[in-house]
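Everything on this sheet refers to the single structure shown next.
The values are calculated or read from the model by the stated rules, or taken from the named source; none is laboratory data. All values derive from a computational prediction rather than experimental measurement. Here the Cβ positions follow ideal geometry from the backbone for every residue, glycine too, while neighbour counts run over all protein chains shown. With ligands, DNA and RNA removed, areas are computed over all heavy atoms of the protein, side chains included. Shrake-Rupley method; radii C 1.70, N 1.55, O 1.52, S 1.80 Å.
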Amino acid sequence: MTTAKVNGVAKRPSGFQQALAAKIFHWVNIISVFAMMGSGLQIYNANPVFGGRAGLHFPSELLLGGWLGGARHWHFFFMWFFGLNLLWYGIYIFFTKRWKNRYVGSNDIKAIRESSNAKRRNYAFHRIVYTSMIPILLLALLTGLGMFKPVQFDWILGIFGSWEALRIMHFISVPIFLVLTTLHSLMALKVGEWKLVRSMFT
Amino acid sequence: MSDLMRTRRNFLALGGMGMLLAGCGRGAIQGNIENTLYTLSDPLNRTFEQLIFSPTKLAQEFRANEVNPKSLLINTAEDNTPTVNLDQYRLTVKGLVNNPLNLSLRDIRALPYKSTTIRHICVEGWDAITQWGGVPLVEVLKKAQPTSEARYVFFRSADGFVNDQGQRSGYYETWDMASCVHPQTLLAYEKNKKPLPIENGAPIRLASPIKLGYKQIKWVTEIILVATIPTQAGYWVDLGYEWYGGV
């Protein structure tokens, strides 16, 4: 990592530098979310949310865990990394006051409406995209907790109204997350090319 | 009654078969990964789940018109529904108790009756709002007077099946004491206001909103109070599902 920083600085004075915390968050999040999605779809297949046992099943290429019990072991292992990663990063964002200027604000909305500067507009769009990933990750966590402990955390079930609604919202968080991740990656490429994407992971 | 009798040897044979079943259909590497993840996370998960479990927090109760009888699917080990002779049926309670019990159906029905209309949740993901009627398990345990060492409760059922070697064995489960004494944990003999059907576990089954379906053993014949979780902790547990299985 030190080398990458040195290289980045040496080659381009304007090279991107990310906080170590942001890099750790991105790594842990991307690995745990994909583990959660693969095992989640395997669990889904035991009784599809849409259509029950006769419903559409996901192909084995997308699945992790091999069978329902195995997938649950994956899911309930990675849930700790997924959930605690969101928690510590949230605390970090709060105490370092990054929440004040790292996420979408009224200035971005104004830029999209009024600015003729394409770069500023792209930047604003990107900030909208990655900011909206946070509520989706929290939705996945909240609905997951609600299904994990529907009696102990019955207030979560209360928010969503029914067991079926909880299952659907938990499932829906996956395609929304995938779309936003794709947009986030594409916008990052557009805003800062490959070196911006690379700066977040190395 | 002899159908209900099983020997220790048959129990051991089932364990071996369980491991065989757990291993088939999946690659060795995949099996190793899944076992590693389970070994690493289950002690934490189990501790966390028992920590957040409140023995006095009641699960939501539903109105009679919210019951959907069709949603409760039948999952029976090896699709074999046992034959239980109701006249000869006895529920025995033994192990770490001061007052071992041997109850007939008449004795069980004479104990305090309780009705719950709760959400039954299957490990597969579906739910079924169901009415159960029966005696709270805590009443039976109180009658048996557990000793201070009793921390877990082992249940054995008449859910018999025959394996490849012709050996008969059965469904069994182990619960933690806190879940057993929860006020909504019943030894049920009534489902949706009618006598419990045989495929749902008649004459007596466990029914509770705080455990997944596979923990809710049907056709209960024996209750044994123990100090530690036995090596053979449960039918599905020995096939690879997590032991606690609480919701």
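Values for this structure:
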read-out	value
Hey, B:Thr116 surrounded by 16 or more Cβ atoms within 10 Å (Cβ to Cβ) and polar (S, T, N, Q) or not	yes
Output for the stretch B:158-214, where each listed residue is modelled with pLDDT under 90 and of a type in the set (Ser, Thr, Tyr)	B:Ser169, B:Tyr171
Pair list, Cβ under 7 Å, 6 or more apart: the stretch A:36-57 residue outside the structural domain of A:Gly144 (by TED's automatic domain parsing), other residue among the charged types (D, E, K, R)	A:Ile43/A:Arg72; A:Ala46/B:Glu124; A:Asn47/A:Arg53; A:Asn47/B:Glu124; A:Val49/A:Arg167
Subset of the stretch A:89-120 [under 21 Å from A:His26 (Cα atoms) and open to solvent by 90 Å² or more (accessible area, probe 1.4 Å)]	A:Phe94, A:Phe95, A:Lys97, A:Trp99, A:Lys100, A:Asn101, A:Arg102
Only one of A:Val129, A:Val151 that is of a type in the set (Val, Ile, Thr) and over 24 Å from the mean Cα position of the chain (by Cα)	A:Val151
Checklist (1) in contact with a Leu (Cβ under 8 Å, 6 or more places away or on another chain); (2) modelled with pLDDT of 95 or more applied to A:Ile24, failing item	(1)
Residue within the stretch B:29-48 that is at pLDDT below 80, assigned to a helix (DSSP H, G or I), open to solvent by less than 30 Å² (accessible area, probe 1.4 Å) and farther than 22 Å from B:Gly134 by Cβ present	no
Strands (runs of 3 or more DSSP E) enclosed by the stretch B:174-247 - at least 3 residues per element that are open to solvent by 10 Å² or more (accessible area, probe 1.4 Å)	B:186-191, B:220-226
Output for the stretch B:221-247, where each listed residue is among the β-branched types (Val, Ile, Thr) and modelled with pLDDT of 95 or more	B:Ile223, B:Ile224, B:Val226, B:Thr228, B:Ile229
Meets criteria (open to solvent by 90 Å² or more (accessible area, probe 1.4 Å), away from chain B (no Cβ under 14 Å), assigned to a helix (DSSP H, G or I) and touching a residue at least 60 places away in the same chain (Cβ under 8 Å)) for A:Tyr123	yes
First in the stretch B:71-95 and within 14 Å of another protein chain (Cβ to nearest Cβ) and open to solvent by less than 30 Å² (accessible area, probe 1.4 Å), second anywhere and in a loop (DSSP other than H, G, I, E, B) and modelled with pLDDT of 85 or more, Cβ under 8 Å, 6 or more apart	B:Ser71/B:Trp126
Only listed residue being part of a strand (DSSP E or B) and touching a helix residue (DSSP H, G or I) at 6+ places or on another chain (Cβ under 6 Å), chosen from B:Ile118, B:Ile129	B:Ile129
Residue in the stretch B:51-70 that is nearest to B:Gly246 (Cα to Cα), counting only those that are open to solvent by less than 90 Å² (accessible area, probe 1.4 Å) and polar (S, T, N, Q)	B:Ser54
First in the stretch A:149-160 and more than 8 Å from chain B (Cβ to nearest Cβ), second anywhere and hydroxyl-bearing (Ser, Thr, Tyr) and assigned to a helix (DSSP H, G or I), Cβ under 9 Å, 6 or more apart	A:Ile156/A:Thr143; A:Phe160/A:Thr143
